[in-house]
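Peer 1: Sharing a structure with you now.
The values are calculated or read from the model by the stated rules, or taken from the named source; none is laboratory data. Just so it is clear, the structure is predicted and the values come from calculations on it, not from any experiment. Cβ sites come from the backbone with ideal geometry, for glycine too, and all protein chains shown count toward neighbours. The area values use the complete protein model at the heavy-atom level, side chains included, leaving out ligands, DNA and RNA. Shrake-Rupley method; radii C 1.70, N 1.55, O 1.52, S 1.80 Å.
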Amino acid sequence: MPLYIIERNFAEQLELDDHAVVSISKINGDVGVNWLFSFLSADKRKTYCLYEAKDPESIREAARRANVPADKIVEVSQAFGASMVALQAAGVAKVAA
């Protein structure tokens, strides 16, 4: 399944609790997208998230249902880095050698 990086911009600082993560994960599952992980900017107003999805429209639909932005969606072909080995072992991501 294709990988995408999603940039999200928030007007307020983002604070995600366990309940929010579970809720977002359920919505993603209902739409057929898989949230792999996210990075939060130092000011807590921007996230960069790695997702698996069949297409950008699925990501937009999940974002709409979760009431979160999906400002930029970029398809990526590979993920690099030692920490990506676990994702590759799980069959989730392609890792460049």
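Peer 1: Within the range 11-39, can you find the residues that are surrounded by 13 or more Cβ atoms within 10 Å (Cβ to Cβ) and in a helix (DSSP H, G or I)?
Peer 2: The answer is 20, 23, 24, 25, 27, 28, 31.
Peer 1: Out of 60, 8, I need the residue that is under 26 Å from residue 77 (Cβ atoms), open to solvent by 90 Å² or more (accessible area, probe 1.4 Å) and under 13 Å from the mean Cα position of the chain (by Cα). Which one? Break it down into steps so the answer makes sense when it comes.
Peer 2: On the way: 8 fails: open to solvent by 90 Å² or more (accessible area, probe 1.4 Å).
Step by step, each of 60, 8 is checked, and only 60 is under 26 Å from residue 77 (Cβ atoms), open to solvent by 90 Å² or more (accessible area, probe 1.4 Å) and under 13 Å from the mean Cα position of the chain (by Cα).
Peer 1: Right, here's the next one. Does residue 42 count as over 18 Å from residue 90 (Cα atoms), more than 9 Å from the chain's Cα centre (by Cα), of a type in the set (A, V, I, L, M) and open to solvent by less than 40 Å² (accessible area, probe 1.4 Å)? Please lay out each step first, then the result.
Peer 2: On the way: over 18 Å from residue 90 (Cα atoms): yes; more than 9 Å from the chain's Cα centre (by Cα): yes; of a type in the set (A, V, I, L, M): yes; open to solvent by less than 40 Å² (accessible area, probe 1.4 Å): no.
It is false that residue 42 is over 18 Å from residue 90 (Cα atoms), more than 9 Å from the chain's Cα centre (by Cα), of a type in the set (A, V, I, L, M) and open to solvent by less than 40 Å² (accessible area, probe 1.4 Å).
Peer 1: For the structure I just gave you, tell me whether residue 52 is buried (at least 17 other Cβ atoms within 10 Å of the Cβ) and either modelled with pLDDT of 95 or more or touching a Pro at 6+ places or on another chain (Cβ under 9 Å) (or both).
Peer 2: On the way: buried (at least 17 other Cβ atoms within 10 Å of the Cβ): yes; either modelled with pLDDT of 95 or more or touching a Pro at 6+ places or on another chain (Cβ under 9 Å) (or both): yes.
Against the criterion (buried (at least 17 other Cβ atoms within 10 Å of the Cβ) and either modelled with pLDDT of 95 or more or touching a Pro at 6+ places or on another chain (Cβ under 9 Å) (or both)), residue 52 qualifies.
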